[in-house]
Every structure is written in C-alpha cells, then in structure tokens.
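The values are calculated or read from the model by the stated rules, or taken from the named source; none is laboratory data. These numbers were taken from a predicted model, which means no experiment stands behind them. Here the Cβ positions follow ideal geometry from the backbone for every residue, glycine too, while neighbour counts run over all protein chains shown. Remember, those area values only see protein heavy atoms, side chains included, never the ligands or the DNA or RNA. Shrake-Rupley method; radii C 1.70, N 1.55, O 1.52, S 1.80 Å.
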Amino acid sequence: MRHLQQRRRIIVQVCVLASSSSGNSTFIRTEKTRILVDAGLSKRDVLARLALINEDAEQLDAILITHEHSDHIYGLAMLAKKLRIPVFMTGATHQAWARAMRNEKGERPKLEKFEQFDAGHRFQVGDIEVRPFTIPHDAADPVGFTFRAEGIKVGIATDLGYLPVSVRDHLRGCDVLVMESNHDLEMLRGGPYPWSVKQRVMSRVGHLSNLALADFLTNDYDNSATFVVLAHLSEQNNHPEIARREAERALAPRGGLFHNRVLLASQTEAIEPIRL
Ligand SMILES: [Zn+2]
Ligand SMILES: [Zn+2]
C-alpha cells in the first residue's frame, strides 16, 4: 500500500481572524496571493492568529481597508510599518484615517505603500480580482468587497445599516459570504447603550440586525454559498446562538443547511479556515 498523501490543492482559503465591534480582520489566500482585509487587531494579535493557521504574516501581499473605524484599523499603522506591503484604501478613507491618527504635533502618519482605489472600480492583487462597493455606514467612504479567483467568489459585507439593492447585487453568486449579523433588536432596545447610540446602531448607516440579515437570506439570497459566516456580532446586544438560530431558520427552507453551512465569527479566536 502506498503511503502517498494526496493533499487537495486549495484554490481559495478564507479565515475570519476576528470579528466583532472591537476588532475585525479576515485573511484570504490563493496559491499565489495572500491578503488581509482590515487590521482591527493589534499587530501582535494579527501575527499570532495567522501563525495559528500556519500562515506567515511576512508572506502577505496586501492589506485592504473597508473604512476608518478603529475596530478595522487599530493595528494598521504598526502592521504596515513592519510588513512594508501595499495598503489599499479609498482616498476619503485614507484622509480620515490619517486625520484620526495625527500625533500631538498634528503630524499625520504616512503609509510607505498606499494604494488608492475607488468604490465601484475593480482592481487586481496578484491573482485575486477585488471589487469594492459602497455600503451605507457612518464612515467617510465605507466599502464592502467581493473577491474572485479561479472561479471562486467571496463576499464581505459588514458595517452597514441596511442592504441596498446595489449591495445585494454584488453579493450574488458568492461561494463564501461573510455577512454582518450585529444585534438582536430586543437585546439592543433593552440593553445598556445610551439611547443615542442605540439609534445610531439601528439607523440606515449603522449596523445590520439579525432580523435584517434573515430577511435578506429569506427573500434575496441566491442560495449560492457553501459557507455563510455571521460576523461583527455585538458583544453587548447579541448572542452567537441567537444569531445562528435566526440565520439557520431563514436558510433552512432554502435547500438545507448542508449547502449553506452557517459559521460564527468570533472576537476571541480565528474560525476554522474555510478551504474551497
Ligand atoms: Zn466595525
Ligand atoms: Zn464601522
């Protein structure tokens, strides 16, 4: 008997390293290209979580940023300085980031390799085609992304107050969907946040509720994904099992959960990498 280990070639791998209101970062790779979407963890945590899935941060090709809120950029400056790789942002997000990161003398930080993109205009990182699209959120110029490589499509849409038709269109045909399932409306209404913050979260430029996501999964979702990752769960106003139950209830009549496997992103640890 031959002991030849046949390792299946991984075409695309996706791993949400962390996701919640206190830090977001997702790793996507092909055979040739490795990218990080958002750097909301400290440099140390990004490196450690990549190492836990046997990835070396030194091999990253680029960092892509969705928007300038701290839970998406917290570790960016340090990470970019260490890795010296291109950082892709829209012009407005870059401005807002640099303004927010000024030191006490008012000096703005500089990225060694800043690459500007515009929402609605696709670009290429190695063999991954990236399509950024505008999302409704209270940041300077927030975007979601889809990624395509070798016939596989991955969509990421978190930090959005609702799902406009344009966003729904971008999310068609995804093999992996990373979607915001931020809060349970009852928990948010009865929870500890001040009323002004509750209103912000619930607004059209806030965050997507479990219910809003379930509505999308029931009425608009095209049933294309092998994996649906629930992301950006609020630690105060949601519970992983409530989010999972809502999503699975919406997906169950859509051909079963074997096809649309629901995974939960977490703040404390990376999810088991999805391999396609
Ligand atoms: Zn966020
Ligand atoms: Zn945000």
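Per the Cα gyration tensor, region 5-81 maps to an equivalent ellipsoid with semi-axes of 23, 12, 11 Å, ordered largest to smallest. Every Cα-Cα pair of region 40-121 was included, and the share exceeding 15 Å stands at 58 percent. Hey, how many Å between the Cα centroid of region 217-236 and the Cα centroid of region 42-119? Between the Cα centre of region 217-236 and that of region 42-119, the gap is 26 Å. The charge dipole of region 155-244, taken about its Cα centre with unit charges on the Cβ of Lys, Arg, Asp and Glu (plus for the first two, minus for the last two), comes to roughly 300 debye. Two decimals is fine: what is log10 I(q)/I(0) at q = 0.09, 0.10, 0.15 Å⁻¹ for region 143-276, from a Debye sum with one equal scatterer on every Cα and no solvent? After summing over all Cα pairs, the log10 values are -0.24, -0.30, -0.68.
Here the chain is assigned +1 on the Cβ of each Lys and Arg and -1 on the Cβ of each Asp and Glu. Its dipole about the Cα centre then comes out at about 540 debye. Residues considered: G75, G190, G161. Largest GNM mean-square fluctuation over the chain, using C-alpha springs under 10 Å, is found at G190. Under a Gaussian network description of the chain, with springs only between Cα atoms under 10 Å, the residue in R168, R102, R49 that fluctuates furthest is R102.
Across the options V229, A139, S209, the greatest Cα extent toward the positive end of the charge dipole of the chain (unit charges at beta carbon of Lys, Arg, Asp, Glu) belongs to V229. Note on region 1-157: percent of Cα-Cα distances in each 5 Å bin, starting at 0 and stopping at the bin with the largest distance, equals 2, 9, 19, 22, 21, 13, 6, 3, 2, 1, 1, 0, 0, 0.
Over region 88-183, the pair-distance histogram of Cα-Cα distances with 5 Å bins from zero comes to 2, 13, 20, 21, 18, 13, 8, 4, 1, 0 percent, rounded to whole numbers. What the Cβ-Cβ distance of R189 and D169 gives, at R0 = 35 Å and to the nearest 0.05, is a FRET efficiency of 0.65. Take the Cα of E107, step 7 Å toward its Cβ, do the same at R44, and the gap between the two points is 2.5 nm. Based on DSSP H segments of at least four residues, each scored -39500 (n - 2.57), the chain has a per-residue ellipticity at 222 nm of -7500 deg cm²/dmol.
Here region 117-206 exposes an accessible surface that is 51 percent carbon and sulfur, computed with a 1.4 Å probe and the other protein chains kept in place. When the P(r) is computed for the chain, the part past 33 Å accounts for 18% of the Cα-Cα pairs.
Using heavy atoms of the protein chains and a probe of 1.4 Å, the accessible area assigned to V205 is about 60 Å².
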